[in-house]
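Please read the structure below before turning to the comments.
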Amino acid sequence: MGVTLRLVRHGETDWSAERRYTGRTDVTLNEAGIAQARALTVISGDRYDSVWCSSLTRCVETARLMGVTADPTPHLQEFDFGEIEGLTWDELDTTAQNGLLDFNRFIAPGGESVTLFGRRIDAFVEGLGPGRHLLITHGGVIRYLLRQSGTDADVRPGTWRDIDFP
């Protein structure tokens, strides 16, 4: 038996609505995000072998509003954007834009490298063991895991994707 992950992106925040790079800043859900999280109750009754969420407030709130009991962990926190935290694409300099486009080798100035980000996520997933696991986390974490499974998608707040690992 392999590992099946149901990956839920937290509900919308003011920063995600403004398309700001939101990593470790602990922003809360806005009204739309609260409604999105409540709508996720449609999947909360499914059977999971474990339920985890990022320890950042927007994920903890989403889990609570979904009606699930999730174990918070810093391993599922978003990428640390360092000095570009809170900026929009248009506010970034060319170096940061090009680095983000060449994502796999990107190192955020004053923040995290994609390599270390991936190692953190891989170590967490490898520790889950076989079964079906619900992870309430961030767009960057979900996109990283989707890429690891051979797909990619822009995952909007309050939505989910299912992926299987052998």
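Observations, loosely collected:
- Of all residues making up segment 2-31, the number that are among the polar types (S, T, N, Q), closer than 14 Å to LEU87 by Cβ and outside any loop (DSSP other than H, G, I, E, B): 1
- Inspection of segment 92-113 finds no residue satisfying the criterion of being surrounded by fewer than 19 Cβ atoms within 10 Å (Cβ to Cβ), within 24 Å of LEU134 (Cα to Cα) and without any contact (Cβ under 8 Å) to a residue 12 or more places away in the chain.
- Annotation note: Cβ proximity below 9 Å between a residue of segment 68-88 that is within 11 Å of SER54 (Cβ to Cβ) and a residue that is modelled with pLDDT under 95 and among the hydroxyl-bearing types (Ser, Thr, Tyr) (sequence gap 6+ or interchain) occurs for no pair.
- Exactly one residue out of GLU61, GLU78 is crowded, with 20+ Cβ neighbours inside 10 Å, part of a loop (DSSP other than H, G, I, E, B) and modelled with pLDDT of 95 or more, and it is GLU78.
- Sole exception among (1) in contact with a strand residue (DSSP E or B) (Cβ under 8 Å, 6 or more places away or on another chain); (2) β-branched (Val, Ile, Thr); (3) under 21 Å from GLU12 (Cβ atoms); (4) surrounded by fewer than 20 Cβ atoms within 10 Å (Cβ to Cβ) for THR151, by number: (3)
- Scanning segment 114-129 for residues being in a helix (DSSP H, G or I) and in contact (Cβ under 8 Å) with a residue 24 or more places away in the chain gives a total of 9.
- The single condition from (1) surrounded by fewer than 17 Cβ atoms within 10 Å (Cβ to Cβ); (2) out of contact with any Pro (no Cβ under 8 Å at 6 or more places or on another chain) that ILE34 fails is (1).
- Top-ranked residue of segment 157-166 - restricted to ones that are at pLDDT 95 or above and either among the charged types (D, E, K, R) or not in a strand (DSSP E or B) (or both), ranked as surrounded by the fewest Cβ atoms within 10 Å (Cβ to Cβ): ASP162
- Among the residues making up segment 92-113, a single one is in a loop (DSSP other than H, G, I, E, B), touching a Leu at 6+ places or on another chain (Cβ under 9 Å) and closer than 20 Å to LEU146 by Cα: PHE106.
- Scope segment 1-31; condition touching a Pro at 6+ places or on another chain (Cβ under 7 Å) and charged (D, E, K, R); matching residues: ARG9, GLU12
- For ARG132, the requirement of being more than 16 Å from the chain's Cα centre (by Cα), more than 24 Å from TRP15 (Cα to Cα) and not in a loop (DSSP other than H, G, I, E, B) is met.
The values are calculated or read from the model by the stated rules, or taken from the named source; none is laboratory data. Because the structure is predicted, anything quoted here is derived from the model rather than measured. All Cβ positions, glycine included, derive from the backbone under ideal geometry; neighbour counts span all protein chains shown.
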